[in-house]
Amino acid sequence: WGTANMFSNPRYMNGAGSTNNADVYCFAAAQIKKALDITVKLGGKGYVFWGGREGYETLLNTDVKFEQENIARLMHLAVDYGRKIGFKGDFYIEPKPKEPMKHQYDYDAATAIGFLRQYGLDKDFKLNIEANHATLAGHSFEHDLRISAINGMLGSIDANQGDPQLGWDTDEFPFDVYTATYCMLEVLKSGGLTGGLNFDAKNRRPSNTLEDMFYAYILGMDTFALGLLNAEKLIKDGRIDTFVQQKYQSFNEGIGKDIRTGNVTLEDLTNHALALKTMSTPSSGR
C-alpha cells in the first residue's frame, strides 16, 4: 500500500488534517494526492493514513469538533480523488496512542472505528493495526485485532512488537511466538486480511551490520510463520472454541435465549429475577 509522511516535518506541529493553518492543510492534501497517484501507478491495494500528530495538547486553545471535522473532510477528499483515478482498494487508519501528541484522535481501534462511523467513512476505510501501538494504548495486540474484526474493519497489520519496559514505540522485529499465535488466531478466525502483514520494524541500534538486518527479517517471518501453524492447531483442536461456547451456555436456552432473540422486556427480566429461588453461579473461565 501507499502512504504519506504528514508528521515529521515541522509544518505539521499541530497535525495535518487537524492543523490550525489552511496552507498546511493544503500541503497535506497535495502530499496525499501525489501518494495516491503513485499508489495507483504501482498497483497498490491500499492507502494508509498514519495519524502521527492528529491530536492536541490542551483544550484551552483547541476546538476539538472543528479539528475532527477537518480530518474527516480531508479523508473524504482523498476517497473521492482515489476513486476518480481508479483506486479500488481500501483506505486505512493506523491507530496511534502516543505518537507524539498528548491526546491522539486515533488512540486505539475502538476510537478510530467510532470516528469513521461518526463521519460516514466506514464504507471505504478499515484499520491497519500495529502491535506496538496497541500495547502502548494499554491493550494487547490481539485485543485491537479482535475489536477491528468484529466491526468488519480489520484490514492490515504492522507486524512488530514493543518492549514492556519502554513506554514508547520501539518497533522491534517480532520474536514473541505467543503474541504471533494470538495474532494469527484472530486473522484466521476473521477470514484473512485484505492488506496483509508488513514489518514496520527496525534493528536495535547495536545491531549494525547487513547480516543483522537479514537475520532480523528471517526472525520476524519465522515468528509469524510459527504463529500461523500454532493458530491452525488451536482451531483444529477445538477446545478453546468449546470453552467459549460453554461460558455463555445460559444464553442458549430459557430466558437467556429470549434475551438474545429480543423476545423480552425489562419487566420480563425483572419478573424472572424475582422468581429465582437460588442464583446460579457464572461458569468458570478455566
- Report yes if some residue within region 145-167 is open to solvent by 30 Å² or more (accessible area, probe 1.4 Å), in contact with a Cys (Cβ under 8 Å, 6 or more places away or on another chain) and on the phi < 0 side of the Ramachandran plot; otherwise report no. no
Considering residues that are more than 21 Å from Lys65 (Cβ to Cβ), of a type in the set (Gly, Ala, Ser) and open to solvent by 20 Å² or more (accessible area, probe 1.4 Å), the number found within region 4-54 is 4
Exactly one of Ile93, Ile113, Ile71 is more than 18 Å from Ala16 (Cβ to Cβ) and either loosely packed, with under 13 Cβ neighbours inside 10 Å or in contact (Cβ under 8 Å) with a residue 24 or more places away in the chain (or both), and that one is Ile113
Within region 121-134, the residues that are surrounded by fewer than 22 Cβ atoms within 10 Å (Cβ to Cβ) and touching a residue at least 24 places away in the same chain (Cβ under 8 Å) are Leu121, Asp122, Asp124
In region 223-255, anything exposed (fewer than 10 other Cβ atoms within 10 Å of the Cβ) and either within 17 Å of Thr281 (Cβ to Cβ) or of a type in the set (Asp, Glu) (or both) is listed as Glu253
Given (1) aliphatic (A, V, I, L, M); (2) over 11 Å from the mean Cα position of the chain (by Cα); (3) crowded, with 23+ Cβ neighbours inside 10 Å, Val79 misses just (3)
Counted residues in region 168-212 being within 19 Å of Pro97 (Cβ to Cβ), open to solvent by 30 Å² or more (accessible area, probe 1.4 Å) and modelled with pLDDT of 95 or more come to 1
Taking region 194-247 and keeping only residues that are under 26 Å from Ser148 (Cβ atoms), in contact with a helix residue (DSSP H, G or I) (Cβ under 7 Å, 6 or more places away or on another chain) and without any contact (Cβ under 8 Å) to a residue 40 or more places away in the chain, one is left with Ile240
Among residues of region 256-286 being assigned to a helix (DSSP H, G or I) and touching a helix residue (DSSP H, G or I) at 6+ places or on another chain (Cβ under 9 Å), the residue most open to solvent (accessible area, probe 1.4 Å) is Arg260
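The values are calculated or read from the model by the stated rules, or taken from the named source; none is laboratory data. Just so it is clear, the model here is predicted, and its values are computed rather than measured. Positions of Cβ are generated from backbone atoms using ideal geometry, with glycine treated the same way; all protein chains shown enter the neighbour counts. We work out accessible area using only protein heavy atoms, side chains counted, and drop any ligands, DNA or RNA first. Shrake-Rupley method; radii C 1.70, N 1.55, O 1.52, S 1.80 Å.
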